[in-house]
Amino acid sequence: MLNKFFQSFNEKKDKNDDHSFESDLYNLIYEIIIADHEISEQEINFASELLEFYFRIPIKNNKEQFNKLANQQHFNTDLSQFSYRLKTSLSYEQRMDVILICWQVLMVDGKEDQLEVSTAEKYQRYLA
């Protein structure tokens, strides 16, 4: 009985391990991708390339994570939590890189959707 009690803590810990720098970054950028309610391979590919360029995260990993979020039909209603974690873990220059990535992903389809713009502006305020 006591053993089950301690195992329950381990299970909860495993579920909360999803709060890494990379997962916060994926969630933030994914919110820009889905802000216009259209997920295109072009946006996922471009975001993956930008993450490799700025943060040295392999493209393959990036695509897998973005596609995983898309397949789960992930929608995050709390933008402030992962923005706050990124703000406290990244330098100012790195945060500006994240904001730049958001704006570049926003414009990859050539359309400036109002929902995408407001989401990017919100991130700008949270991360600056």
Study note, to complete from the structure: Residue span SER40 to THR88: 0.36 nm per residue of separation minus Cα-Cα distance leaves a gain in nm of 14.2 nm
**Study point:** nm² value of the averaged projected area, convex hull over the Cα atoms of region 17-128
**Key:** 6.2 nm²
Check your understanding: In debye, nearest 20: dipole of region 17-62 around its Cα centre with unit charges on the Cβ of K, R (+) and D, E (-)?
Key -> 220 debye
Exercise for review: State the answer as a single residue: which of SER89, GLN73, GLN104 lies farthest towards the positive end of the charge dipole of region 40-124, with beta carbon charges of +1 for Lys and Arg and -1 for Asp and Glu, about the Cα centre.
Suggested key: SER89
Review point. DSSP loop trypsin sites (Lys or Arg not before Pro) in region 26-128 with at most 15 other Cβ atoms within 10 Å of their Cβ, which ones?
Key: ARG56, LYS111
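Please order PHE46, PHE53 by the number of other Cβ within 10 Å, starting at the fewest.
PHE53, PHE46
For region 27-81, what does the convex hull of the Cα positions come to per residue, in cubic angstrom?
82 Å³
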Point to revise | Spin-label pair ASN71/SER118, simplified geometry with 7 Å Cα→Cβ offset, distance in nm | key: 3.2 nm
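All of the numbers you see were taken from the coordinates with simple rules; none came from a lab. Note that the structure is predicted; figures quoted are calculated from it, not measured. Here the Cβ is made from the backbone with ideal geometry for all residues, glycine too, and neighbour counts use every protein chain on show.
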